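To start, the structure itself, in structure tokens.
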């Protein structure tokens, strides 16, 4: 299958309907591995696909051109979901030269035997002429690997944006305006939170590097291609990379005999305030992927757990581990939990909040076995405190 973007420029990637785990990213809607073929006086393939789908990519290319006539293969990113089939592709395209930056070639050499490959190293600002069209290369380090790069066709105003602006979403309709834009933007937000959140500063710099370019199409490495809603996705990225908070409170919890669940509901009651969005998440009934997406732009978070074996419950521990890696910007936070005897979950949660370097507003609220009416009222008061902080931190009117 191939899908035209412009005359002589086609999507030739692969739609992966069945993938549900993308290195712990929960991909309920599947994903795509996007590659693009440009046919001019010379022919260039922009990016490739994940290793199992090399034959599909070659079939898509072969429907348009003899692979032996491909002159250039551009690698914008060395991660295996975009480079895994390079040995197969370059063997099938014996006249092609691999185009990438120096860091990308170094990374590829750690994955593959690159000694026999023909390569062309490009630096920022370099231009490769294909005939009527030129490829321009823009380094975007740490958005999200050190070798990340954009490729731009000035004559067509198309930006090949690598992982930036992408989404994990399988669909045969290749463009944003052929899909529900609300769903696409939500998947883009989830993608940003789980992939690019730790690299917000670098991603903002990548966006700044293309500010002066005329862009009529953003051809991503995953998901749909942007052509009608480019202002919306650019505005969204400006918001997401800014570190600004939404007037939102996330209450994460896990429970054993419903004591911590009762405390979470009391937090919810206290946090109810005009202009504040509150979401309660039972961590064992939600994925780490959705948890990260909900937490990343929230101004305030409450985290609670029952005690199991002297610490917090395992899935909440996993959530802490995941969030520590993603490094969400500092948030107002309160811990809570129930316990039976001795040291319990609340102390472990407090330590986790300190590792995240969030602004912990008070000592954790603890209930022995079952929360008393006084403890529940303390939870409501803490919820109200979080609501006030969420409004202050987001600049929303109270």
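The table for this structure:
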read-out: Degrees between helix 314-326 axis and first principal axis of the chain (Cα, 0 to 90, nearest 10); value: 50
read-out: Overall form of region 292-398 per C-alpha gyration tensor (a/c, 1.5; a/b vs b/c); value: oblate
read-out: Percent RCO, i.e. relative contact order, over region 180-304, from Cα pairs under 8 Å lying at least 6 residues apart; value: 31
read-out: For region 3-242: relative contact order, % (alpha-carbon pairs under 8 angstrom, 6 or more apart); value: 18
read-out: Structure-derived Rg and Dmax of the Cα atoms in Å: which label, when the choices are [x] 25.2, 77; [y] 19.6, 57; [z] 24.1, 77; value: [z]
read-out: Packing-based exposure ordering (other Cβ within 10 Å, fewest first) of 218, 251; value: 218, 251
read-out: Fraction of alpha-carbon pairs over 15 Å apart in region 251-314 - percent; value: 52
read-out: Region 258-398, relative contact order in percent, only Cα pairs under 8 angstrom and at least six apart counted; value: 35
read-out: Order of 111, 168, 2 - criterion: other Cβ atoms within 10 Å of each residue's Cβ, fewest first; value: 111, 2, 168
read-out: Which of 149, 263 has the fewest Cβ neighbours within 10 Å, and the rest in rising order; value: 149, 263
read-out: Antiparallel bridges, percent of DSSP beta bridges restricted to the chain (to nearest 5); value: 40
read-out: With Cα atoms, 0 to 90° folded angle of helix 373-394 axis to the chain main axis; value: 40
read-out: Nearest-ten-degree value, helix 345-356 long axis tilted from longest Cα axis of the chain; value: 40
read-out: FRET E, pair residue 238, residue 109, Förster distance 35 Å, beta-carbon r, rounded to 0.05; value: 0.45
read-out: Rounded if a/c under 1.5, otherwise prolate or oblate - region 13-158, Cα gyration tensor axes; value: rounded
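Coordinate-derived values only; no laboratory data. Predicted model, so just to flag it, every value in this text is computed and none were measured. When we count neighbours, we look across all protein chains shown, and the Cβ atoms used for this are built from the backbone with ideal geometry, even at glycine.
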